[in-house]
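Student: The structure under discussion is supplied below as structure tokens; questions concerning it will follow.
The values are calculated or read from the model by the stated rules, or taken from the named source; none is laboratory data. Every value quoted in this text rests on a predicted model; they were computed, and no experiment measured them. Methodologically, a virtual Cβ is constructed for each residue, glycine included, from the backbone with ideal geometry; neighbour enumeration extends over all protein chains shown. For accessibility, only protein heavy atoms count, side chains too; no ligands or nucleic acids. Shrake-Rupley method; radii C 1.70, N 1.55, O 1.52, S 1.80 Å.
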Amino acid sequence: MDREPGLSVRLKLTLSYAGFLMVAGGLLLVVVWVSLLRYIPDQVIFGLPWIRPWRSDPLNGFSLPAAMSLLFLLVFGLVGGWLLAGRMLAPLNRITDAARRAGTGSLAHRIELPGRSDEFRELADAFDAMLARLEAHVAEQQRFAANASHELRTPLAITQTLLDVARSDRNRDPAELVDRLYAVNTRAIDLTEALLLLTRADQRSFAREPVDLSLIAEEATESLLPFAEERGLTLEMSGEETRTVGSPALLLQLCTNLVHNAIVHNLPGGGTVWVTTNVARESVVLTVVNTGEPLSPALVATLVEPFRRGSERIRTDHAGVGLGLAIVKSITEAHDGTLTLIPRAAGGLCVTVQLPAQLV
Ligand SMILES: Nc1ncnc2c1ncn2[C@@H]1O[C@H](COP(=O)(O)OP(=O)(O)O)[C@@H](O)[C@H]1O
Ligand SMILES: [Mg+2]
């Protein structure tokens, strides 16, 4: 291992074990020596030679075994400390190894430290959880980049085809070409704007101010009213004042996306959209409910993913870019809120956005 010259933790632990053992052993010997001195009688019976050496020079007889014991303790402490420290630090090597691998970009590796839960196990588990999150995040980003490139390429490819056709057949009506190019270009701009909006919400770099969500929902609903009427839909708005803090522009975008979806993905005629706002304890809740075709919970769970469209059916008048709900989710999360999608039993969807209320 390429480590800077210096004492490793294992060596430091070994030295401290051995040092501690020496100090403890030394203290013990001092205590023994002092008590020996106290208990040896002053009057020694001459003629008992085995007592004499103690009496005449107690230090001499005691110092050799004491030094031997200390030496033994030193060796014992060093060897034992080295082995113990090695055992204790073994999990750390696994964690370091995993961190090195992650550093080189391999996020699939997990430590999976066995054994009972202790500080090392907690560290390893936390590290594993972090790796799992990172891996999922990177995979999501890659999927997103691939999808975004694909979606951005589509209008360019269509434009290319239109231009090819126009070049090979010069007698065609140019007005038709212009109309179709215009439509394709508009779609490309929509897509790019949606992507920019998503980045802005994700970065959380926007100014926040006190807002009334019910007023914003009302504004979005009113502006989409002609669109709903055109499709023979009923749009109902109700609710109380819902004070929160956030970006009015982003929250308007959120409401617009939800109401737009509720109109576009509704029944062909005679459907209804209900937009309600209310205050629930410490949060404000916006609910957008619409009639529509029955949706399975499994499908609904995937709808917020970028570029995910529920039905593959091509609608002539609406070709969504598939970012509407992804933007709603990003804006909601940037406002520390939660987004919930529940399919209605009778068909259609119930979308709830819950944001922290502004406490007065
Ligand atoms: N209110 C809704 N009712 C029914 N289906 C919906 C509703 N909102 C969204 N969906 C489904 O979720 C998909 C993703 O929505 P979204 O991200 O806004 O993309 P887009 O609307 O551009 O297709 C839609 O294609 C649609 O199938
Ligand atoms: Mg949409």
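Student: For the range 209-356, what relative contact order do you get, as a whole percent, if you take Cα pairs closer than 8 Å and at least 6 residues apart?
Tutor: Relative contact order of the range 209-356: 25 percent.
Student: When the chain is modelled as a GNM with alpha-carbon springs shorter than 10 Å, which of Arg38, Arg170, Arg101 fluctuates the most?
Tutor: Result for the chain, Cα springs under 10 Å: Arg38 fluctuates most.
Student: Once phi is turned into θ = phi - 60°, what whole-Hz ³J(HN,Hα) does the Karplus curve with 6.51, -1.76 and 1.60 give for every residue of the range 193-201, x standing for Gly and Pro?
Tutor: Taking θ as phi minus 60°, the curve returns 5, 4, 5, 5, 4, 4, 5, 5, 5 Hz for the range 193-201.
Student: Taking only Cα atoms and a 10 Å spring cutoff, compute GNM fluctuations for the chain and point out the largest among Gly239, Gly320, Gly77.
Tutor: Gly77
Student: If you don't mind, another one. Please report the antiparallel percentage of the DSSP beta bridges confined to the chain, to the nearest 5.
Tutor: 80 percent
Student: A further question follows. Calculate what fraction, in whole %, of the accessible area of the chain sits on carbon and sulfur atoms when a 1.4 Å probe is rolled over the protein chains.
Tutor: Of all accessible area on the chain, carbon and sulfur atoms account for 61 percent.
Student: Oh, and also: Using Cα pairs under 8 angstrom and six or more residues apart, how large is the relative contact order of the range 82-175, in percent?
Tutor: Result for the range 82-175 is 18 percent.
Student: What GluC sites (Glu not before Pro) does the range 249-349 have in DSSP loop regions with at most 15 other beta carbons within 10 Å?
Tutor: Glu282, Glu312
Student: Here is a further query. Output the 0 to 90 degree angle, nearest 10, between the alpha-carbon long axis of helix 119-168 and the longest principal axis computed from the alpha carbons of the chain.
Tutor: 30 degrees
Student: Further question: Do you know the relative contact order of the chain, to the nearest whole percent, from alpha carbon pairs under 8 angstrom that are 6+ apart?
Tutor: Result for the chain is 12 percent.
Student: Among Gln203, Ala346, Asn171, which residue has its Cα positioned farthest towards the positive end of the charge dipole of the chain, with +1 placed on the Cβ of Lys and Arg, -1 on the Cβ of Asp and Glu, and the dipole taken about the Cα centre?
Tutor: So the residue furthest toward the plus end is Gln203.
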